[in-house]
Amino acid sequence: MMELSREAFRSVGRFWRANIRRFGIYDKVHPAETTPSRLVPEHIEKPDYILGKLLNTSKKPEIKNEEQIKGMRNSCNVAANILKIVQPFVQPGVTTDDIDELVHTLSLEAGAYPSPLHYKGFPKSVCTSVNNVAVHGIPDLRPLQNGDIVNVDITVFFKGYHGDCSKTFLVGDVDDHGLHLVHATEDCLNQAIKICGPDVPFCDIGFRIHRIAKRHKLTVLPAFVGHGIGKYFHGPPEIYHTQNRYPGLMKPGMTFTIEPVLSHGNENTILLEDGWTVTTEDGARAAQAEHTILITEDGAEILTK
Ligand code: MF3
Ligand code: CO
Ligand code: CO
């Protein structure tokens, strides 16, 4: 084993103290071993990408009619209800694979397909992103530790429509930096939803979130965008969470997600070798919050409340 010189030892110590001051105290996680993909019975209706006949989605954001909106309300209710049941289950000692099993079972019980499962090869029924994992964490056998933060991102396909929402949960006692990050991220999502309504530019969402994140002295990770949703999991429009020039205006009947990811550190992220897990480059924690919303005649309605 290499021995550190006294000076090197001091400088490592300075580095850690500086990092703790900026990023707080937490366990930096690495993907762990996991269990096989879970099975879905025959009678559960499958989305297009499972049946191998991909929907061709239009280039323009879809304006949904009453029947389609009804479909969105139902699928979003199922997703939101599962997220509420999962919340108290997230405790120290529980693995993210246990969360996957719960989400999988609750989806099937509701008569829904867990949308992430085999979507473009994703192996699990939910995304669970712990601490320095920004998005698309694959549920695994690492027990959650006191002080972790974990985003649980639930999407279900129910009676022909997807509903998508996520929340970052606190595991036991989380340090002040972590609490601030999680609360600020929720603040960004909520403030962004408030400005949505007919004829508001999509790009206003990013400007709003950027401003609020800055006020909280946090960074928005620009790599991740919200999306139109319906019979398709991801479609137009793209919703940027930072300053942007994306064209177009919101119209009544549109449904899309807003899902900002914030961090204490820099903007950069790394895609790991599993092809899914995205971590922050500097190891800082990231938090995310997501709702599916509907543009109405006089504002926006949260469908995944
Ligand atoms: N639910 C994620 C989103 O908000 C997408 C997950 S794709 C998966 O858009 F394949 F990782 F599940
Ligand atoms: Co999601
Ligand atoms: Co989404």
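The values are calculated or read from the model by the stated rules, or taken from the named source; none is laboratory data. Computed from a prediction, not measured in an experiment: that's the story for all the values here. Cβ atoms come from the backbone with ideal geometry, glycine included; neighbour counts cover every protein chain shown. We work out accessible area using only protein heavy atoms, side chains counted, and drop any ligands, DNA or RNA first. Shrake-Rupley method; radii C 1.70, N 1.55, O 1.52, S 1.80 Å.
Could you grab the pairs with beta carbons closer than 8 Å, sequence gap of 6+ or different chains, first residue in region 40-68 and of a type in the set (F, W, Y), second one open to solvent by 100 Å² or more (accessible area, probe 1.4 Å)?
What qualifies is Y49/K120.
So A192 passes all but one of these: (1) under 27 Å from L272 (Cα atoms); (2) in contact (Cβ under 8 Å) with a residue 12 or more places away in the chain; (3) away from ligand 2 (no atom under 15 Å from the Cβ); (4) in contact with a strand residue (DSSP E or B) (Cβ under 8 Å, 6 or more places away or on another chain). Which condition number does it fail?
(1)
Looking only at strands (runs of 3 or more DSSP E) that lie completely in region 246-285, which have at least 1 residues being among the aromatic types (F, W, Y), more than 22 Å from I205 (Cβ to Cβ) and without any contact (Cβ under 8 Å) to a residue 60 or more places away in the chain? Break it down stepwise before answering.
Working: elements: 255-258, 261-263, 269-271, 278-280.
Fully inside region 246-285 and qualifying: nothing.
Name the pairs whose Cβ atoms lie under 9 Å apart, with the first residue in region 215-230 and modelled with pLDDT under 95, the second open to solvent by 50 Å² or more (accessible area, probe 1.4 Å) and within 16 Å of ligand 2 (Cβ to nearest atom), and 6 or more positions between them or separate chains?
From residues that are modelled with pLDDT under 95, there are no pairs.
Restricting attention to region 119-142, does a residue exist that is within 13 Å of V78 (Cα to Cα) and not in a helix (DSSP H, G or I)?
no
Taking the conditions exactly as written (over 22 Å from the mean Cα position of the chain (by Cα) and surrounded by fewer than 18 Cβ atoms within 10 Å (Cβ to Cβ)), does G121 satisfy them or not?
Values: over 22 Å from the mean Cα position of the chain (by Cα): no; surrounded by fewer than 18 Cβ atoms within 10 Å (Cβ to Cβ): yes.
So G121 fails the test.
Residues of region 169-181 being open to solvent by 10 Å² or more (accessible area, probe 1.4 Å) and either within 15 Å of ligand 3 (Cβ to nearest atom) or in contact with a strand residue (DSSP E or B) (Cβ under 9 Å, 6 or more places away or on another chain) (or both), which ones? It would help to see each step written out before you state the result.
In the first step, residues of region 169-181 are kept if they are open to solvent by 10 Å² or more (accessible area, probe 1.4 Å); the result is 170, 172-177, 179-180.
If the condition is that a residue be open to solvent by 10 Å² or more (accessible area, probe 1.4 Å) and either within 15 Å of ligand 3 (Cβ to nearest atom) or in contact with a strand residue (DSSP E or B) (Cβ under 9 Å, 6 or more places away or on another chain) (or both), then L170, V174, L179 are the ones that fit.
Just to verify a result, which residue in region 13-29, among those that are assigned to a helix (DSSP H, G or I) and open to solvent by less than 60 Å² (accessible area, probe 1.4 Å), is modelled with the lowest pLDDT? Give the derivation first.
Here is the first cut: in region 13-29, the ones assigned to a helix (DSSP H, G or I) are 13-23.
Within this subset, residues satisfying the condition of being open to solvent by less than 60 Å² (accessible area, probe 1.4 Å) are 13, 18-19, 23.
On the way: G13: 77, A18: 81, N19: 89, F23: 97.
Ranking the qualifying residues of region 13-29, first place goes to G13.
So K159 clears everything in (1) under 24 Å from L221 (Cα atoms); (2) touching a residue at least 60 places away in the same chain (Cβ under 8 Å); (3) open to solvent by 10 Å² or more (accessible area, probe 1.4 Å) except one condition, right? Which one?
All conditions are met except number (1).
Can you spot a residue in region 215-238 that is part of a strand (DSSP E or B), closer than 21 Å to S166 by Cα, within 12 Å of ligand 3 (Cβ to nearest atom) and open to solvent by 50 Å² or more (accessible area, probe 1.4 Å)? I'd like the intermediate steps shown before the answer.
Step one: list which residues in region 215-238 are part of a strand (DSSP E or B), which gives 219-220, 226-228, 235-238.
Narrowing further to those that are closer than 21 Å to S166 by Cα: 219-220, 226-228, 235-238.
Then keep just the ones that are within 12 Å of ligand 3 (Cβ to nearest atom); that gives 226-228, 235, 238.
From what's left, open to solvent by 50 Å² or more (accessible area, probe 1.4 Å): 238.
Yes - at least one qualifying residue is present in region 215-238.
Which of the residues that make up region 34-93 are crowded, with 19+ Cβ neighbours inside 10 Å and of a type in the set (S, T, Y)?
Residue satisfying the conditions is S75 alone.
Looking at region 111-137 only, could you name the residues that are near ligand 1 (Cβ under 10 Å from one of its atoms), in contact with a helix residue (DSSP H, G or I) (Cβ under 8 Å, 6 or more places away or on another chain) and not charged (D, E, K, R)?
Answer for region 111-137, where residues must be near ligand 1 (Cβ under 10 Å from one of its atoms), in contact with a helix residue (DSSP H, G or I) (Cβ under 8 Å, 6 or more places away or on another chain) and not charged (D, E, K, R): P114, L117, H118, Y119, S125, V126, G137.
Could you please give the count of residues in region 139-189 that are touching an Asp or Glu at 6+ places or on another chain (Cβ under 6 Å) and within 15 Å of ligand 2 (Cβ to nearest atom)?
4
Residue check, P201 against (1) surrounded by fewer than 19 Cβ atoms within 10 Å (Cβ to Cβ); (2) within 24 Å of H43 (Cβ to Cβ), all met but one. Which one?
It is condition (2) that P201 fails.
Out of all the residues in region 134-156, which are within 17 Å of the chain's Cα centre (by Cα), open to solvent by less than 10 Å² (accessible area, probe 1.4 Å) and more than 16 Å from ligand 3 (Cβ to nearest atom)?
P139, D148, I149, V150
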